[in-house]
Each structure stands twice: as structure tokens, then as C-alpha cells.
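See structure below.
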Amino acid sequence: MFSTIRNAFKNPELRKRLIFTIFILVVFRFGSSILVPFVNAGALKSLVGDGNNFFALLNTFSGGAFANATIFALSIQPYITATIIVQLLTVAIPPLERLAKEGETGRKKLNKVSRWVTLAMALVQSYAYYVLVRNQGGIESQYLTGWAQFFTAGVIILAFTAGACAVVWLGDKITEKGIGNGVSMILFAGILAGLPQNAQILIESFKQGGINYILVPFILLVFAAMIVFIVIMTEAERRIPVQYAKRVVGRKMYGGQSSFIPIKVNMSSVMPIIFASSLLSVPGTIAAFAQPAPDSFWAGFLRVMSPQHPVYGILFAVLIIGFNYFYAAIQYNPIEIANNIKNNNGAIPGIRPGKPTSTFISKVLSKIIFIGALFLAVIALFPILFNSMTGIQVALGGTTIIIVVGVALETMQQLQSQLMMRHHKGFLE
């Protein structure tokens, strides 16, 4: 990895791209320090609470910008929501489905649709957070009377919305002129920005005697093993062999070569975990505003839905597996894959073209999806189980580790491909 980065800096064009990417990430972190007018940051910190709600997840993705009430508090969360909505609509609405099949031109049109949906989601979420901050007492009373309340609401909503759109714009610039996927790099930078604060919390636990020094090597070893496991499962794939028949066109012969269809084990990345954690964080979010009676039904329900309860872990695993199957079904269509193979005069060895091919691909997909779902469930539940067994609060959850490792691997692969295209001598040696 370090040799790849060193060789990339030796190439003038790649060096320019890397410097540009670093510059954009610095701008992103600078924007994460600009406070939204009229908002008391303490109100948003109280919304984050003990970390058992949706706001804590948003705060992690924004690198602490949400808790500090900065203009980048929403980070890329509206963009993620908009992308999910557009992907679901692509399956349900025929015109969008046709755009998805038009190649690069259709993809650009879908990206424009996603940007407009992102703007709409940013406006809706900005208004929702303004209402939450106002109800939490995060705005001075002098700004909530007369015409001042409309001006205050407009400034806060526009600041949150403009910040979310600016983050997406910065991500697009990284994709266009930098290295890696821009939105992923922004998310990567936000998560890494929270590491110093997590390290400080860990150090304070050491000083207060909350963690025994003997456990430090064990903790580091466990996390190293977890990262290695994530890397292996992220890179793992099932290759379905495809043999293409020979055909003569004029005086030339085409085809006859062998290929394969790569199916990644972790084809859905962290999306099922994000879906499941967002859904299960709703009770914790409600608990931040409502205070039910200790012996009431809702108090017992909130206790059951806390991360320390076994029921929460079981529901978390079931939802991750279910969402993984759902998300994979959107991405892969066995009938369409079988038709594409047949139209290109190809066939899977030992499988007849047509329906038998689609049935075979469906069986393979179901097995791979189940293995990937179990992998995601293990990674997501590991911090919870580790905390319950050792009493040590894990600073980084499974979701954030998968994102960090996945973005790092993707960026290194892009650097290697860029170096290979330029026939970098140091890389080829």
C-alpha cells in the first residue's frame, strides 16, 4: 500500500489528483467547523445522547459535525437517502428502469434525478432538525418571537441544506478530478475525523481504571483480526464460468473464449446494516424526547430495544439478513443475466441456456447472499457482544470499520489501475 502511494506521488498527474483530493477533504473538515447561526450546539449534543439513536449514527458519519451544529451537520446522509429512493424507484418505475439500461447517458440522467431528490431530502431533514433543536431549547427565546422566528428558521434551514448540497458537490469534484469515489471519500474522512475523540475517551477510561492495561494487547489483536476478516470477505467472490461459442463473420472467427461472472460475497456493502440500524434506532430516538413511566409498557419496550438486550441483537441480525436479500435482489436479476449470456452465444458449462441458466444463477446467488448476510450480521453484532462480555465500550462499530476498510481498498485499487495504465516502472517491478 505504501509503495503504491509513493509511486503515485512520483507520477505528476496522479500527484496532482492526490493533492486535489487532500485539498477537498481539508475544505470539508474546515466547513465542519463553521457553526450554524442561532443554534446552540449543546442541544444537538443532547440529541446524540448515549449513542443509541439515529442522531449518533449521523454524528459518526459527519465526523462530529452534527453534535457541534455546523453547516455540514447533515453530511452525505440526504444523498444516501436519495440514492436509496432512486434505486428503489428504478425497479418500480419503467422510465427510470429504461434510463438505467441506457449505459453512461442514462446513468448521467439518473445522477441528475438523484441530485434533485437529494435537495428535496436536505430541505425536509433541515426543517425536521430545526424543529427538534427548537423543541430542545437550542435556540434563544428572543429569536422565536414575531418576524424574527421566520428569519431564524429560514437561516437555519438554508444553512443545513446548503451544507448538505456543498458536501455532495465536494464529493463530485473528488470523483471528477481526484482519486476514488468522492462521496465515499467524504464519508471516510468524516469517520476518521472522529478517531481522536474516540481515542481520548479510551484514554480517559484507562486513567479512571475502567479498562485494565493487560487487556490493551487483546483489544488491539481482536480489532486487527476483525480488519483482516473484513478485507478477506470484502475481496471474496464467486466466479461463474461462461464459455462463448465460436462464430464466423466474413473471413474472421470470433468468440471461443472463456470468461466468468464475478459475484462478490459482500455485494451489498454496508447498506443492509445502515437500513437495519436506522430502523432499530427509532425507539432510541423516541426515548430521547419521551419519558414514559418506569412500569409502563413503553418503558419495557424501550428497555428491550436497547443494544444491551438480547432481543435487540436478534432483531438486528434478522433485519440485516432480510435487507441483504432485498438489496441484492435489486442489484442482480438472474433472468436478465441468463438472457445476456444467451444473446452473446455464451453458456455456463453443463447448464443449458435459458431457464436452466437463470435457475442455476438464482441458486448460486441465494447461497452467496446468505454467506454475505451472515458476514454482515457478525460484523455488526461484534461490538455489541464485545461490550457485553468485557464491559468495554467499542469506539468504532462494525459499520464504520467496513466503510473505512472498503473505501481504503477501493482507493488503493484505483491507484494501482491508474499506475498500470501509465506503465509506472516502479509499480511494474
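Quick rundown of the values:
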| read-out | value |
| --- | --- |
| Unique match (being modelled with pLDDT under 80 and either in contact with a Lys or Arg (Cβ under 6 Å, 6 or more places away or on another chain) or assigned by TED's automatic domain parsing to the domain that holds Leu381 (or both)) among Ala299, Ala338 | Ala299 |
| Pairs where the first residue, in the range 94-109, is not assigned by TED's automatic domain parsing to the domain that holds Asn333 and the second is of a type outside the set (A, V, I, L, M) and not in a helix (DSSP H, G or I), C-beta under 8 Å, 6+ apart | Lys109/Glu102 |
| Test set (1) in a helix (DSSP H, G or I); (2) touching a residue at least 24 places away in the same chain (Cβ under 8 Å); (3) under 30 Å from Ile19 (Cα atoms) - Ile179 fails condition number | (1) |
| Qualifying residue in the range 340-347 (condition: in contact with a strand residue (DSSP E or B) (Cβ under 9 Å, 6 or more places away or on another chain) and in a helix (DSSP H, G or I)) | yes |
| So Ser366, is it crowded, with 16+ Cβ neighbours inside 10 Å and modelled with pLDDT of 85 or more | no |
| Residue that is farthest from the chain's Cα centre (by Cα), among those in the range 160-207 that are of a type in the set (Val, Ile, Thr) and modelled with pLDDT under 75 | Ile203 |
| Residue that is surrounded by fewer than 17 Cβ atoms within 10 Å (Cβ to Cβ) and either assigned to a strand (DSSP E or B) or at pLDDT below 75 (or both), where the choices are Ser281, Ser259 | Ser259 |
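The values are calculated or read from the model by the stated rules, or taken from the named source; none is laboratory data. Here the structure is a predicted model, which is why all the values come from computation and not from measurement. With ideal geometry, Cβ positions are generated from the backbone for all residues, glycine too; neighbour counts draw on all protein chains shown.
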